[in-house]
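The values are calculated or read from the model by the stated rules, or taken from the named source; none is laboratory data. Bear in mind that the values here come from a model prediction, so they are computed numbers and not experimental data. Don't worry about glycine lacking a Cβ; one is built from the backbone with ideal geometry, like all the others, and counts go over all protein chains shown. Only protein heavy atoms, including side chains, enter the accessible area calculation; ligands, DNA and RNA are left aside. Shrake-Rupley method; radii C 1.70, N 1.55, O 1.52, S 1.80 Å.
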Amino acid sequence: MPASGVRTGLVMKFAACLLAIWSLSNILQPPLMAASAPRSVTAQGCGDFLAQIRKKPAHVEFAGCNYAPDRQGKPLEATYRVSGRFAAATEAYLIKAVGLNRLKRSCCLWDSPASQYRDSIGRDFLISMVSEETMVSSRSGWPQIVVFEITVETFTEDM
């Protein structure tokens, strides 16, 4: 085969590879509309759940509420932040008020498995608390941790 034929064959193979890569990249990318859509979606009923059930500890700041229609049960998820210096008091209050599980050290953070709480009108909530990643390995060091996050989740449909 002449050199020009080999070169043409290589160019054709290269073009086919580029076309395949371009085709795959278009399949894997989300549509343009999704890229401009907001990351979180709010829904009716989303709000400061701890305040609504009158179980919001002092020093806890409501950070927001999001609706996750793509997750099982289509949950509403309220998030809160509390400074590390108030984390022990907040944990103790939530253990008594809503049955929060005690935080434990695991890997690089402090966290609690979600606990279930039912309010006076029958709504069920999952409540958990977690620190940011930290090297603090004892409870006495919690004031050194900048922020802990509390998550309160309720579902909008049966699972």
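Answer yes or no: is there a residue in the stretch 129-143 that is in contact with a strand residue (DSSP E or B) (Cβ under 9 Å, 6 or more places away or on another chain) and under 17 Å from Leu50 (Cα atoms). Looking through the stretch 129-143, at least one residue is in contact with a strand residue (DSSP E or B) (Cβ under 9 Å, 6 or more places away or on another chain) and under 17 Å from Leu50 (Cα atoms).
Let's see how each residue does on (1) more than 18 Å from Gln44 (Cα to Cα); (2) surrounded by fewer than 19 Cβ atoms within 10 Å (Cβ to Cβ); (3) among the polar types (S, T, N, Q):
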position: Asp70; (1), (2), (3): no, yes, no
position: Tyr80; (1), (2), (3): yes, no, no
position: Cys108; (1), (2), (3): yes, yes, no
position: Asp119; (1), (2), (3): yes, yes, no
position: Val147; (1), (2), (3): yes, yes, no
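Identification of strands (runs of 3 or more DSSP E) wholly contained in the stretch 103-144 with 2 or more residues that are closer than 21 Å to Arg81 by Cβ, without any contact (Cβ under 8 Å) to a residue 24 or more places away in the chain and out of contact with any Phe, Trp or Tyr (no Cβ under 6 Å at 6 or more places or on another chain) yields 104-106.
Screening the candidates Arg85, Arg102 for the property of being in contact with a Pro (Cβ under 9 Å, 6 or more places away or on another chain), farther than 16 Å from Lys55 by Cα, at pLDDT 95 or above and open to solvent by 50 Å² or more (accessible area, probe 1.4 Å) yields one hit, Arg85.
Name the one entry in Ala97, Ala34, Ala58 that is exposed (fewer than 14 other Cβ atoms within 10 Å of the Cβ) and either at pLDDT 90 or above or in a strand (DSSP E or B) (or both). Going through Ala97, Ala34, Ala58 in turn, the sole match is Ala58. Applying the set (1) exposed (fewer than 10 other Cβ atoms within 10 Å of the Cβ); (2) at pLDDT below 90 to Ala20 leaves exactly one unmet item: (1). I need the full set of residues from the stretch 61-90 which are in contact with a Lys or Arg (Cβ under 8 Å, 6 or more places away or on another chain), among the aliphatic types (A, V, I, L, M) and not in a loop (DSSP other than H, G, I, E, B), in order please. Selection gives Ala63, Ala88.
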